[in-house]
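Report on one structure; see the data block that follows.
The values are calculated or read from the model by the stated rules, or taken from the named source; none is laboratory data. Everything quoted here is computed from the prediction, not taken from an experiment. All Cβ positions, even for glycine, are placed from backbone atoms using ideal geometry, and neighbour counts span all protein chains on display.
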Amino acid sequence: MLHPGYMPAERLRSLIHDHPCLMLIRHRDKGVSALREQGLSISVYPDHKDVSLTGRLKNDFIKIWLDIVDDHQTSMIFGRTLRYGSEVFKFNEILMMCCSFQSWLEKESPDLIVFTSTPHNIENWVLARIAESIGIPVVYFQASFFPWRQFILRGLKREPTIVRPRSAAITGQDRAFFEEYVQRKKGGLEQAMPLYEISRLKSNNWRVLSFNKELKVFMKSPGRALEKIKAYSAYARLNGKFEDLKYVALFLHYQPERTSIPEGYGFGVQLAAIAALQQSLPPDTYLVVKEHPSTYTYNFSKKYRSEGFYELIASLDRVILSPLTADPYDVIDGSVAVASITGTVIGESFVRGKPCIAFGAGPMQVVDSPSFHRYESMEGLRSFLAGLGGLGASDVEKYFSRVCDTTFSGLCSSDVHYSESARTSYLVSSLCMGLNHLLGNVGAIDGLSDLPSGGS
């Protein structure tokens, strides 16, 4: 079974031709008709709101349901797209998903389920968790810091297992892309910042908040616009100066988004990361927290940001909000270390020679460096921050070599230079490489997964 995600129809058609065993699945009707119109057969998850419970389920669905709802990630993912006034009704619906999806999986009995990214809506999440519970292998793709290469991961957890390619080698093309990409990430804002955010800022004349756009939003939804302006005004009022201080920089994620929920694995509540860092700082060090510009250049959600949220952060001892207008790369370069939940900024900081901290899973897999820390405990975090002065420089070459050993490349022979606008093309090509690897080894999937993601 494959949830095709963003894969184009022509690539799917080619995969099915080469691997007739492949069954396409989706959790809702969105996009299904377009794929069917192009001659692709695709199955939609059964409607969990119409469950008759005829027949007996083979596995203990109550135990499976309890395991799923006891994981707070489930409630956070549910809250991204669905709303209920009663917690009881929410868990009722998840129970019906468990019954319906488990019955379907037991009937279909797939050898493998593949997602093109970490399952991050409630239906995909529940299906994947049920599959894992009843012994069906579940794997998913995760883009690495180097966007033309992707990991295949197994296990919905902070330290998944990596499915390795049969053979790996750094080609001259890979080397050229690496050098070009790292040089870009060592540059200034217009070179290093992702294209999507540069485009949004440019469309706003380099302002985070555009008066004309907000006026249009206000005309359609006054309440939503006012909540956004109140939060933005609070942030502007509460931020402070920090350039002359010794500080650790924490870059917040835009929310809601897969990179924090579920890939934060607990730290989708970003205040937890702020509190952990604040409680671990050496006595002479401050914590500078910088908001993600997409919070205001993209779709603002009052469920994740508010005036009170910023007031709470600013009230913490030795915690300073960075101005939204501050150049993020100046903030990185002026820091003693950089932290994020899973963000690309961790890799950017790593290649710029800064010690860095990841709280969740995400793209920073297989990092083996004393200057990289993946959160495991408060004691470990305090020890890492206390030893910042004695850390050596990050070995970016070694990190890239480990990435190449454990990922699937999306480069084509015609690719000569790295292009930000070609990211989707790289992702699709690396998906096809990885899927061909998986589908040629379905019978031995347990033997494919042999490397913990790690991270010191």
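Return the residues of region 155-188 that are assigned to a helix (DSSP H, G or I) and in contact with a helix residue (DSSP H, G or I) (Cβ under 7 Å, 6 or more places away or on another chain); say none if nothing qualifies.
Of everything in region 155-188, those that are assigned to a helix (DSSP H, G or I) and in contact with a helix residue (DSSP H, G or I) (Cβ under 7 Å, 6 or more places away or on another chain) turn out to be Asp174, Phe178, Val182, Arg184, Lys185.
Spot the failing condition for Phe267; the list is (1) under 16 Å from the mean Cα position of the chain (by Cα); (2) surrounded by fewer than 22 Cβ atoms within 10 Å (Cβ to Cβ); (3) modelled with pLDDT of 95 or more, and only one is missed.
Tallying (1) under 16 Å from the mean Cα position of the chain (by Cα); (2) surrounded by fewer than 22 Cβ atoms within 10 Å (Cβ to Cβ); (3) modelled with pLDDT of 95 or more, Phe267 fails exactly one: (2).
Hey, among the residues in region 14-32 that are in contact with a strand residue (DSSP E or B) (Cβ under 7 Å, 6 or more places away or on another chain) and of a type in the set (Val, Ile, Thr), which one's surrounded by the fewest Cβ atoms within 10 Å (Cβ to Cβ)?
Result: Val32.
Of Tyr254, Tyr247, Tyr235, which residue is buried (at least 21 other Cβ atoms within 10 Å of the Cβ) and touching a His at 6+ places or on another chain (Cβ under 6 Å)?
The match here is Tyr254.
Just checking, which of Arg423, Arg402, Arg382, Arg352 is surrounded by fewer than 23 Cβ atoms within 10 Å (Cβ to Cβ) and under 16 Å from the mean Cα position of the chain (by Cα)?
Arg423
Report the residue count in region 124-152 for those that are assigned to a loop (DSSP other than H, G, I, E, B) and surrounded by 21 or more Cβ atoms within 10 Å (Cβ to Cβ).
Counting residues in region 124-152 that are assigned to a loop (DSSP other than H, G, I, E, B) and surrounded by 21 or more Cβ atoms within 10 Å (Cβ to Cβ) gives 5.
Quick one: which of Ala249, Ala236, Ala273 is closer than 13 Å to Gly343 by Cβ, among the hydrophobic types (A, V, I, L, M, F, W, C) and in a helix (DSSP H, G or I)?
Step by step, each of Ala249, Ala236, Ala273 is checked, and only Ala273 is closer than 13 Å to Gly343 by Cβ, among the hydrophobic types (A, V, I, L, M, F, W, C) and in a helix (DSSP H, G or I).
Could you pull out every one of the helices (runs of 4 or more DSSP H) wholly within region 34-123 that has 2 or more residues that are over 24 Å from Arg154 (Cα atoms) and in the same structural domain as Met23 (by TED's automatic domain parsing)?
Output list reads 72-81, 87-108.
Restricting to region 337-349, and then to whatever is over 22 Å from Lys246 (Cβ atoms) and of a type in the set (Val, Ile, Thr), can you tell me which residue is surrounded by the most Cβ atoms within 10 Å (Cβ to Cβ)?
Only one residue fits best here, namely Ile341.
So Val288 clears everything in (1) buried (at least 23 other Cβ atoms within 10 Å of the Cβ); (2) within 22 Å of the chain's Cα centre (by Cα); (3) at pLDDT 95 or above; (4) farther than 28 Å from Thr81 by Cα except one condition, right? Which one?
Against the list (1) buried (at least 23 other Cβ atoms within 10 Å of the Cβ); (2) within 22 Å of the chain's Cα centre (by Cα); (3) at pLDDT 95 or above; (4) farther than 28 Å from Thr81 by Cα, Val288 comes up short only on (2).
With in the same structural domain as Gly347 (by TED's automatic domain parsing), assigned to a helix (DSSP H, G or I), farther than 15 Å from Val345 by Cβ and of a type in the set (Asp, Glu) as the only criterion, which of Glu214, Glu197 stands out?
Of Glu214, Glu197, the one residue that is in the same structural domain as Gly347 (by TED's automatic domain parsing), assigned to a helix (DSSP H, G or I), farther than 15 Å from Val345 by Cβ and of a type in the set (Asp, Glu) is Glu214.
Determine whether Gly155 is within 25 Å of Met1 (Cα to Cα), surrounded by fewer than 16 Cβ atoms within 10 Å (Cβ to Cβ) and either modelled with pLDDT of 95 or more or under 23 Å from the mean Cα position of the chain (by Cα) (or both).
Criteria not met by Gly155.
I'd like the full set of residues that are farther than 11 Å from Ala9 by Cα and in contact with a strand residue (DSSP E or B) (Cβ under 6 Å, 6 or more places away or on another chain), limited to region 33-52.
Answer for region 33-52, where residues must be farther than 11 Å from Ala9 by Cα and in contact with a strand residue (DSSP E or B) (Cβ under 6 Å, 6 or more places away or on another chain): Ile42, Ser43, Val44.
List every residue pair whose Cβ atoms sit under 7 Å apart, with the two residues 6 or more apart in sequence or on different chains, where the first one lies in region 152-170 and is farther than 18 Å from Pro137 by Cβ and the second, anywhere, is surrounded by fewer than 18 Cβ atoms within 10 Å (Cβ to Cβ) and modelled with pLDDT of 90 or more.
Ala168/Asp405; Ile170/Ser401
Quick one: is Val139 of a type in the set (A, V, I, L, M, F, W, C) and closer than 22 Å to Thr118 by Cβ?
Yes; evaluated as a whole, the condition is true for this residue.
Limited to region 1-33, what total is found for residues that are in contact with a helix residue (DSSP H, G or I) (Cβ under 8 Å, 6 or more places away or on another chain), among the hydrophobic types (A, V, I, L, M, F, W, C) and part of a helix (DSSP H, G or I)?
3
Can you find a residue in region 2-13 that is surrounded by 13 or more Cβ atoms within 10 Å (Cβ to Cβ) and touching a Cys at 6+ places or on another chain (Cβ under 7 Å)?
Checked against the condition, which is being surrounded by 13 or more Cβ atoms within 10 Å (Cβ to Cβ) and touching a Cys at 6+ places or on another chain (Cβ under 7 Å), region 2-13 yields at least one hit.
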